[in-house]
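Below: one structure, written as structure tokens.
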Ligand code: HEC
Ligand code: HEC
């Protein structure tokens, strides 16, 4: 057959459409991804929030895709194809300037999300996330509904836990400081109650604690520990006033273990987040000593019975003699 220009053009067009059919059209007809076990459809508000998420470029900083190698970041669940059914465009994201959000739903109660969207520095003093106050409350509520949905059925489960605990925490707060502190401490498991802070409250430790407090806690608990941080106006119950705590601890009762437990795990139903992913053991003890000394007025650090040392901290490190030094 003779190769004429017309034949070349027609051939080219046929090859083009054949490729489009095989690569784009065929898969969309034949390949319907089944939803994963956690998938669930969006409500109207959630869909509106997704739209805002795309339009405002949240994916420049946030991914929504946890891979096997992200396990170390504390990811609870590896993303599956079926998680993204009907979610167009699917927001996978390559940048991680901010944390991955694929499991954000129910991580925090809604009042935390609103305080954070209005100004991320409210809840996290060092955050570089922009403020979204200019969007107005309606859009912020849509964004909140959307991030609450992230994680599908797992997210709904976590969000329901938050919603179940919230009225109980708010009631306890309304009952006055004594009842509130009793309520808060009743939920800390018993072994933590008689546990003092195993780290000595040295000047260096207190300064470390001060820095951690300013970077992570001051937005809520306030620079002087009175609970008057900028997030206060959004949160119910409001952030704890540590100076009030001082008057309600019975006779110098131990507080180290209780603080440690609360900071590590957070308090479900309240704005108090958990810090076990961000702060390692010693940092939590240091910030606990700082709060105890500066705001509550005393620390139980290094009183008997001594609590648990961090496992990586061998005894010789604390008394400056190397292992086996005595034998030489
Ligand atoms: C310039 C980068 C940037 C942009 C743009 C951005 N974020 Fe963030 N975001 C961050 C950083 C950094 C953090 C972690 C610090 C913090 O909590 O603010 C964060 C935290 C978050 C968190 C809280 C995660 C958690 O549980 O601690 C949510 C929810 C969130 N962003 C949603 C959004 C949404 C929705 C948008 C778009 C409207 C957005 N972000 C835009 C950087 C960004
Ligand atoms: C987003 C706001 C927020 C941030 C950030 C925050 N907290 Fe809290 N915190 C709260 C709220 C709300 C409560 C519970 C108040 C209540 O139920 O009355 C609380 C309670 C606590 C308690 C419980 C005290 C007790 O006696 O049971 C401790 C300890 C605590 N926070 C320490 C910290 C530390 C340390 C940081 C920083 C590493 C921090 N918080 C960051 C809001 C916050």
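Since every read-out is calculated from the coordinates, none of them should be taken as a lab result. Note that the structure is a prediction, hence the values are computed from the model and not measured. Please note: Cβ atoms are built from the backbone with ideal geometry, for glycine as well, and neighbour counts cover all protein chains shown.
General remarks:
- Order by protection proxy (mean Cβ within 10 Å, highest first), peptides 266-279, 16-29, 110-123: 110-123, 266-279, 16-29
- Gyration tensor (alpha-carbon) shape descriptor, the stretch 175-296, a/c threshold 1.5: rounded
- Fully extending the segment from residue 204 to residue 87, taken as 0.36 nm per residue of separation minus the present Cα-Cα distance, adds 37.1 nm.
- Across the stretch 44-157, Cα pairs under 8 Å and at least six residues apart give a relative contact order of 36 percent.
- Long-range Cα-Cα pairs in the chain (distance over 36 Å), rounded percent: 35 percent
- What separates the Cα centres of the stretch 244-299 and the stretch 168-209 is a distance of 5 Å.
- Global geometry of the stretch 134-192, whether rounded, prolate or oblate, following the gyration tensor of its Cα atoms and the 1.5 cut on a/c: oblate
- Three-way shape call for the stretch 1-137 based on the alpha-carbon gyration tensor, with the a/c threshold at 1.5: prolate
- With a Förster radius of 56 Å applied to the C-beta separation of residue 18 and residue 131, the computed FRET efficiency comes to 0.65.
- More than 18 Å apart - percent of Cα-Cα pairs taken over the stretch 191-261: 50 percent
- The stretch 177-254: relative contact order in percent, alpha carbon pairs under 8 Å with at least 6 residues between: 29 percent
- Relative contact order, whole percent, for the chain stands at 17, derived from Cα pairs under 8 Å and 6 or more residues apart.
- Contour excess over end-to-end distance, with Cα ends at residue 2 and residue 223 and 0.36 nm allotted per residue: 71.1 nm
- Note on residue 161 and residue 55: the model spin-label points, each 7 Å out from Cα along the C-beta direction, lie 3.4 nm apart.
- Contour excess over end-to-end distance, with Cα ends at residue 178 and residue 243 and 0.36 nm allotted per residue: 22.1 nm
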